[in-house]
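Colleague: Have a look at this one.
Here, each number is a calculation from the coordinates, and none is a lab measurement. These figures come from a predicted structure and were not determined experimentally. Cβ placement follows ideal geometry from the backbone for every residue including glycine, while neighbour counts extend to all protein chains displayed.
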Amino acid sequence: MPASPHFADVSSGYLPSIEAKLQEYCQFDLHCPEVLGAAIRHSLLAPGKRLRPLLTLMAAEACGSDPGVALPAACAVEMVHAYSLVHDDLPAMDDDDLRRGRPTCHKVYGEANAILAGDALLTLAFEVLARDVSPPKAAVRCCQLLARGAGASGMVGGQVDDLEAETQENWGASELENIHRRKTGAMLEVSLLLGGTVADADEKELAALGRYGRSLGLAFQVVDDLLDHLGDEAALGKRTGKDTERGKLTYPGLLGVEASQQKASDLVAEAIEAAKEFGGRAEALVSLAQFVLQRKR
């Protein structure tokens, strides 16, 4: 792999603007119930990697744009991600008590308010895109891309099949990849395409972003499975080993640890190869891909 700056150094140039914009979007009017606003802020502003909004800003920059113009789209994709985590943590789904080192939303505010906070985050994402992305043609395209990536054929569909896999004894590698290309990969890919769309990227650039995102998205999930299998709970900020306990289909469980590590490495190499389309502007994307392979949480 080509050498690149440390991810922490690269991301530090983008994160302050992301955090400030998310804070701005969490200022609600008096019609928003206090408990709902608090639940939204608890979930959206919790310390996190901000991987998806980073991808959006980095993609815009790789396509020759000022990353600042992609901030609304970056925040919108983080809102959808936060909503998905709130709902995933519910007892009817993954039943988690801890997220990002803090009690999950439903543990603090109750299940009903957590569901409604997730609903509010999802709808806020599309309000932000429609209102704050310009020109209008780009806003419409961003709404379409995010809806498709987050919807029945993307993230939500992948989540449904992930739950279904717990009771399927004959599902194997192809089914697992199909789940995670939608459950995790679709939202990582759309994060990049939003950045490219705001930057008015051409078809060749958008295709390269798509290839990068598909490889990176699957690599991220393989590493996620490995961390659940091998990782440290304190470092991760969430309970480990739960996938094995629930009988979930995972890469280490299916392929073994060593083969899973090799698969993740191969996928990251594919992502970096796709990023070469952007020449010297690919540095941040390369750094992020390497971080996915090396991450501990």
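Colleague: Skipping prolines and chain starts, which residues have an amide H placed within reach, meaning under 5 Å, of the one on Arg99, given they are 5 or more residues away or on another chain?
Modeller: Under 5 Å from the amide H of Arg99: Thr104.
Colleague: Mind ranking 211-220, 287-296, 127-136 by how tightly packed they are, going by the mean number of other C-beta atoms within 10 angstrom, highest first?
Modeller: On the way: 211-220: 25.1, 287-296: 19.3, 127-136: 15.4.
Going from most to least packed, we get 211-220, 287-296, 127-136.
Colleague: Taking the alpha-carbon centroid of each part, what is the distance from the range 247-290 to the range 60-137 in angstrom?
Modeller: So the separation of the two Cα centres works out to 24 Å.
Colleague: For the pair Ser265 and Ser12, what calculated FRET efficiency results from E = 1/(1 + (r/R0)^6), where r is the Cβ-Cβ distance and R0 = 30 Å, to the nearest 0.05? Please list the in-between numbers first.
Modeller: Details: r = 26 Å, r/R0 = 0.86.
Working from the Cβ atoms, E equals 0.70.
Colleague: Using mean Cβ contacts within 10 Å as the protection proxy, how do 251-260, 146-155 order, highest first? All intermediate terms of the calculation are to be shown ahead of the outcome.
Modeller: Values: 251-260: 16.4, 146-155: 18.3.
So the order, starting with the most tightly packed, is 146-155, 251-260.
Colleague: Also: Using the eigenvalues of the Cα gyration tensor, what equivalent ellipsoid semi-axes result for the range 62-144 when each is taken as the square root of five times the eigenvalue, whole Å, largest first? All intermediate terms of the calculation are to be shown ahead of the outcome.
Modeller: Details: eigenvalues 182, 36, 16 Å².
In descending order the semi-axes read 30, 13, 9 Å.
Colleague: Can you tell me how much longer the chain between Asp66 and Asn178 gets when fully stretched, taken as 0.36 nm per residue apart minus their C-alpha distance, in nm with one decimal? Could the numbers behind the result be given before it?
Modeller: Values: separation 112, 0.36 × 112 = 40.32 nm, distance 3.43 nm.
Stretched out fully, the Asp66 to Asn178 stretch lengthens by 36.9 nm.
Colleague: Still on this model: Modelling each spin label as a point 7 Å along the Cα-to-Cβ direction, I'd like the Leu163/Ala92 distance in nm, to one decimal.
Modeller: 0.7
Colleague: Hey, can you rank 172-184, 28-40, 76-88 by average C-beta count inside 10 Å, highest first?
Modeller: 76-88, 172-184, 28-40
Colleague: Starting from the Cα of Glu273, step 7 Å along the direction of its Cβ; do the same at Asp202; then give the gap between the two resulting points in nm.
Modeller: Here the answer is 2.3 nm between the modelled labels.
Colleague: Something else: Reachable lysines from Lys137, Cα under 25 Å, same-chain residues fewer than 8 places away excluded?
Modeller: Those lysines meeting the cut-off are Lys21, Lys204.
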